[in-house]
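Beneath this line is the structure, given in structure tokens, with notes to follow.
Derivation of every value follows stated rules applied to the coordinates shown; laboratory data play no part. As the structure is a prediction and not an experimental result, all values here were calculated from the model. Reconstructed Cβ throughout: ideal geometry from the backbone, glycine too, with neighbour counts over all protein chains shown.
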Amino acid sequence: MCEMFIKHVLEVGENHPGLYGNTNAYYGTVEQQGRLTLHMQMLIWLKGVLSPQEIRDRIMDPTSDFQQKIVEYLESVHIGEFMTGTQEEVKHHIEIKKTQNPNYQDPTLFVKLHKSAKVIQIPGLPENVVPLVKGTKTITCVFPSDLEESVERQHVNFLPNFAMTDYAS
């Protein structure tokens, strides 16, 4: 499967670009997930692409349309949603907690964005202040002996599914 990805998606060794462009180099490693299924982590270096510094420079340049195009793209593909229900269900759950416990404290953290690409205004909050909400995730591990152990962790998702490397060709 990995060899097919390298050959047919990256088009390594071919005289034409692959799905992402001309591959300059790649490095991949296969790992096991919690249920012993295999998956691959891969870094791909593409010829002729912008380096992270060049991307930063273009995003920070107020005269460049690159910044606006990046914001438009991100807004078109990113959807914010609650992990525990609809907005109305979450509000209802909070109201129940408040009535049950007079010492209830909202677990929401807030951050002020500096140099944001555009002004963010959430009703009831100052300009460019956004909430970071703590979530709980439980992972159940099943061992070869069929023993099950659950691990629960609390965390704040603030940049889900985001990665960037210092490497560029």
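Helix-only arithmetic for the chain: the sum of -39500 (n - 2.57) across DSSP H runs with n ≥ 4, divided by the residue total, places the mean residue ellipticity at 222 nm at -6500 deg cm²/dmol.
Between Tyr104, Gln53, Gly85, the Cα set farthest toward the positive side of the dipole of the chain (charges on each charged residue's Cβ, about the Cα centre) is that of Tyr104. Overall, the chain carries a charge dipole of about 400 debye about its Cα centre when +1 sits on the Cβ of Lys and Arg and -1 on the Cβ of Asp and Glu, all other atoms neutral.
Estimate the FRET efficiency between Gln154 and Leu113 by the formula 1/(1 + (r/R0)^6), using the beta-carbon distance for r and 22 Å for R0, to the nearest 0.05.
On the way: r = 23 Å, r/R0 = 1.06.
About 0.40, to the nearest 0.05.
Annotation: for a label point projected 7 angstrom from Cα along Cα→Cβ of Ile139, residues of the range 36-69 with backbone N closer than 17 Å are 36-41. Expressed as a whole number of Å, what is the distance separating the alpha-carbon centroids of the range 26-67 and the range 91-112? Here the two parts' Cα centres lie 38 Å apart. Neighbours of Leu46 by Cβ distance under 14 Å: Lys/Arg scored +1, Asp/Glu scored -1, total -1.
Contact order, relative form, for the range 21-143: 16 percent (alpha carbon pairs under 8 Å, 6 or more residues apart, mean separation divided by residue count). Semi-axes of the equivalent ellipsoid of the chain are 38, 30, 12 Å, computed as sqrt(5λ) over the eigenvalues of the C-alpha gyration tensor in descending order.
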